[in-house]
Structures are given as C-alpha cells and as structure tokens.
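Single-structure report; data block below.
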Amino acid sequence: MKTFLLFLLFSINTAFALQITPVPKKRLLREVAAPKQSSASQAQSSTTMKRDTTLKKLWNKVDSYLEQTLPKSALPILEKILSETRAATSENLPHTAKALLLKHSLLAETSENGEILFAQELEKMLKQFQNESTEKPENLVMAALLRSTLAEYYELYFSRHEWEIQHRQILVASEKYDTDSTIAARNKDFRTWDARQFISTIRELHFAALKDKKILQETPLASLKILLYGFDDSSAKLRPTLYDVIAFRAISMLNNTATTLPKPENEFEVSSDAGFARIEDFIGTSIPHANPDDWKYQTLRLYQDILEFHSASKTSTDALLDVNRARLAFVNFYATDENKHEAYKQALERDANKYNFSEITAEYWCDLAEVFFGEGDYIKAREHLAQALAYKDSYGSKRAKALEVKILTKTLSLQTEKTVLPGVPFLVSVGFRNVEKVHFRLYSLPQRTTEVIDVEEYFYRDEAMTRLLAQKPVLVWSENLPTKDSSG
C-alpha cells in the first residue's frame with residue numbers, strides 16, 4: 001500500500017514539474033529600483049515573509065518524517081499547514097493542494113482499505129470545490145488539479161491490474177462521469193470495475209479537467225512550484241501553463257489506453273495531408289468524424305487546441321514548436337497514407353527552416369536525421385545532424401552528437417546458414433558500417449565427444465578462445481567491402 005500511494009503522489013508532482021517561469025532580469029531590476037514601500041506595504045510584506053518562512057519550516061518537518069518512514073507523525077504537521085493556508089487565495093492554493101493530497105495519501109496508506117479511501121477523499125474534495133463559488137479562479141484550478149489527479153490514480157491502478165481487469169465480464173453500460181449514479185458506484189469500490197468503466201471514467205476525468213481551459217491557460221506553473229519536483233529552466237519554455245501540463249497528460253492517457261477497448265466499426269483514419277499541414281493551416285482544419293470518442297480523433301483535436309493557444313498568445317515559440325513536433329510525430333506514426341514518410345520528412349524540414357531562430361528546431365533536424373538513419377542513408381542523416389549541431393548546448397545538439405557517434409562507430413556482423421555441406425561453398429552475409437576491409441581466419445573445431453557441443457567452452461570463455469586461436473588456421477583470406485562516399 002505504501003509504495004503504491006507514495007508513487008502516485010510523486011508521479012503527480014513529477015508530471016507537473018515541466019515548467020517553471022524564472023523572473024526576467026529586467027523585471028527584477030525594475031523591482032529593485034522601485035520607490036520605497038509605504039508603511040502598510042512594508043507591514044504586509046513582512047507578514048508574507050513570516051508566513052512563507054513558517055510554511056517552509058513545516059514542509060521541512062513533513063519531509064523529515066517521510067524520510068524516516070513516519071507517516072503518522074507527518075499528519076499533524078500537514079494539519080498545521082492546512083490551518084496556515086485555510087484562506088482560499090492564489091498564494092495558498094499550491095500549499096493547500098499538496099497538503100490535502102499528501103494527507104489523504106498518508107491516511108490511506110495506514111488504512112486497511114487505503115485504495116478506496118484515497119479515491120473517496122479525492123471525490124469529496126472535488127465535490128467541495130465544485131459546490132463552492134465557481135467564479136473564483138482558485139477553485140477552478142483546484143478542481144482541475146483534483147480531476148487530473150484522480151484520473152491518474154485510476155489509470156495507475158488499472159495499469160497495475162490490467163491483466164486481471166481485462167478478463168472481467170462487462171457488468172454495466174458505461175455512464176457519463178458526472179452523473180450521481182456513477183459517483184455512487186465508484187465510491188463503493190472502483191476495484192470491481194471492468195475495463196470499459198475504468199477507461200471511460202479516466203477519459204471523462206481528464207477532459208473534465210480541461211473544461212475551464214481559459215483559467216488554466218492564465219495559470220503559470222511557476223505559481224504552483226511547491227507542487228513541482230525535478231523541474232528546470234529549459235522545460236519552463238515548453239510547458240508554460242497549467243493548461244499545457246493537463247492537456248499533455250490527457251494526450252498521454254489517450255495513447256496509453258488506446259489498445260484497451262475494442263476498435264469501433266468506423267475507426268478514425270489519420271490523414272497525412274491534413275495532419276502534416278503548416279501550423280496555421282492545421283489549426284483551422286475541420287476534422288469531422290462520426291465517432292467523436294475515437295482516441296486518435298480526440299488526440300488531434302487536443303493538438304489543434306494547444307497549437308491554437310500558443311499561436312495566438314505568441315508568448316513562447318519554443319512551446320509552440322514542441323507541440324508541433326509532437327503532432328508531426330503522431331501523424332507519421334498513425335497515418336495510413338503510402339507516402340506518409342516522405343510527407344513527414346518534408347514537414348520537418350519545412351518547419352525547421354521557417355523557425356530556425358529557435359533552438360527547438362535542432363530537434364526537428366535530429367528527427368529528420370533519425371528517419372534517414374533508419375532508412376540506411378547515413379550520409380543524408382549526417383547532413384541534417386550538422387544542422388542540429390549548429391545549435392550548440394541545445395538538447396537537440398546533444399541528441400545529434402549521440403546519433404553521429406552511432407553512425408561513425410565501426411560495426412560488423414556475420415551470419416551463415418545453420419547447416420552447411422562438407423566440401424561445398426556456402427554464403428556468408430556480412431553486415432557492416434565504417435569498415436573497408438575484413439580479414440578472415442577459418443579454424444577447425446575439435447572433434448565432438450558428445451552429442452551436445454559445449455558452445456560456451458568453444459566461443460565465450462577467454463581461455464577457450466585463446467586455445468582455439470593458437471591452432472593453425474585452415475584458411476586465411478581478406479575481403480574488400482563495398483564503400484559509398486558522399487558523392488554517392
């Protein structure tokens with residue numbers, strides 16, 4: 001129980017650790033050079049600093065108890081944190097969210113029916129924030145966090161018990177998530193659900209979390225940094241808002257659960273023509289489909305929404321390009337057109353050239369190089385790697401260096417038939433890269449004394465190989481291998 005629940009909490013926090021927006025240097029200088037605060041402002045600032053110091057000390061105590069595996073000792077400290085942050089403000093929201101989630105996780109950890117208890121508590125918290133004033137952005141953000149958390153909780157349980165769940169009989173027809181009967185059924189024991197109930201509920205929760213997307217788009221993850229672990233400044237450019245994180249979690253869910261349910265009769269087909277269109281054209285493309293619940297259709301619609309948001313906001317070109325790159329990869333993987341791979345290469349090169357001012361395009365060039373590498377065209381692959389390497393210190397250039405090393409590494413493999421006839425010539429298949437000449441020595445193995453040859457004795461032990469090579473070879477020869485230079 002302990003491993004399951006704590007893994008969930010850390011998984012939640014890691015998922016949100018994709019963004020942190022640092023204070024711009026110019027803004028920081030303006031604040032330093034600002035006029036002196038009034039007495040009232042100074043008093044308010046002093047109170048805020050004191051509160052922050054108090055919360056930091058309390059969280060340090062919680063972390064200390066958890067490191068010592070003392071969950072019951074951490075619970076009173078969490079109650080103090082909730083008391084300090086009981087006022088529903090944007091500053092208190094991250095502390096409240098983390099304290100509530102951790103509190104109920106620890107309570108469930110020490111309970112016999114912890115899995116059910118944790119889900120029930122999340123449901124209660126969600127209902128509480130739904131019943132409170134929906135005009136307050138803090139409540140809308142909290143409700144979105146809880147829905148996304150609950151969805152991940154169910155998804156985690158489902159993935160760990162998928163084999164057992166898949167063999168259950170479908171008990172009842174799936175209902176929409178927000179109906180009272182569905183909530184009542186879930187609260188009894190979600191562990192008895194069939195696969196369709198799990199997937200339906202998980203998807204409903206993820207999309208319900210995106211319901212108030214305008215508020216989420218206006219919520220920078222920097223304001224929720226108490227919830228974040230393992231973030232860095234580079235990821236700040238790619239997931240600048242809470243909306244980005246929750247939307248990508250929904251996309252991840254759709255791809256993870258895609259193979260779980262039976263395929264619909266009228267399955268959605270991804271078109272490479274529309275899927276590989278320019279960003280502005282793709283955003284405006286109408287994607288009609290008879291089954292709006294098809295996961296591939298829903299994924300493309302989410303990509304359209306995220307791209308539209310970043311295209312309109314113009315706040316982060318890096319975020320726009322990262323989403324676009326994911327969209328192109330998705331279409332390349334799932335499109336059924338015969339020419340999709342050529343269209344994919346053209347789309348990558350088109351967008352990399354258009355947005356060459358961003359270091360994210362290094363990854364476009366690297367993706368393009370990997371396609372040519374997979375096709376065996378190493379020369380073309382290296383040409384595109386050179387484009388990626390121009391963006392020094394970028395993540396794409398690091399990927400490019402790794403692939404270039406792989407391309408330049410000498411490799412050789414030999415394969416023969418399992419059985420050859422004595423005295424009859426036989427073929428040897430030679431796979432190679434960056435090797436111009438191969439030298440062969442043919443040895444005769446000792447006479448077998450048993451029916452089963454000791455393969456390890458002959459081939460894998462150093463002393464056996466040394467003994468074998470000390471013998472006189474039956475035949476010695478060399479072969480020049482065909483080469484291809486940059487001129488083709």
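Quick rundown of the values:
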quantity	calculated
Among (1) at pLDDT below 85; (2) touching a helix residue (DSSP H, G or I) at 6+ places or on another chain (Cβ under 7 Å); (3) within 28 Å of Ile306 (Cβ to Cβ) - the single one Ile170 does not satisfy	(3)
Helices (runs of 4 or more DSSP H) fully within region 263-372 counting 2 or more residues that are among the aromatic types (Phe, Trp, Tyr) and modelled with pLDDT under 95	295-313, 317-334
Residue within region 60-68 that is open to solvent by 60 Å² or more (accessible area, probe 1.4 Å) and at pLDDT below 80 present	no
Some residue of region 201-216 being outside any helix (DSSP H, G or I), within 27 Å of Phe158 (Cα to Cα), modelled with pLDDT of 90 or more and in contact with a Phe, Trp or Tyr (Cβ under 9 Å, 6 or more places away or on another chain)	yes
Residue match in region 388-401 (condition: among the acidic types (Asp, Glu) and under 24 Å from Asn332 (Cα atoms))	no
Qualifying residue in region 127-135 (condition: at pLDDT below 75, surrounded by 12 or more Cβ atoms within 10 Å (Cβ to Cβ) and touching a Lys or Arg at 6+ places or on another chain (Cβ under 8 Å))	no
Counted residues, region 408-418 - those being open to solvent by 70 Å² or more (accessible area, probe 1.4 Å), part of a strand (DSSP E or B) and closer than 30 Å to Arg382 by Cβ	3
Candidate set: region 236-262, residues that are within 15 Å of the chain's Cα centre (by Cα) and open to solvent by 50 Å² or more (accessible area, probe 1.4 Å); chosen: the one modelled with the lowest pLDDT	Asn256
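For every residue, the table says whether it meets (1) under 28 Å from Pro482 (Cα atoms); (2) open to solvent by 90 Å² or more (accessible area, probe 1.4 Å); (3) polar (S, T, N, Q).
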position	(1), (2), (3)
Phe333	no, yes, no
Lys340	no, no, no
Gln346	no, yes, yes
Glu375	yes, yes, no
Val420	yes, no, no
Val428	yes, no, no
Leu442	yes, no, no
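The values are calculated or read from the model by the stated rules, or taken from the named source; none is laboratory data. From a predicted model like this one, the values you see are computed outputs, not experimental measurements. So basically every Cβ, Gly included, is an ideal-geometry build from the backbone, and we count neighbours across all protein chains shown. Only protein heavy atoms, including side chains, enter the accessible area calculation; ligands, DNA and RNA are left aside. Shrake-Rupley method; radii C 1.70, N 1.55, O 1.52, S 1.80 Å.
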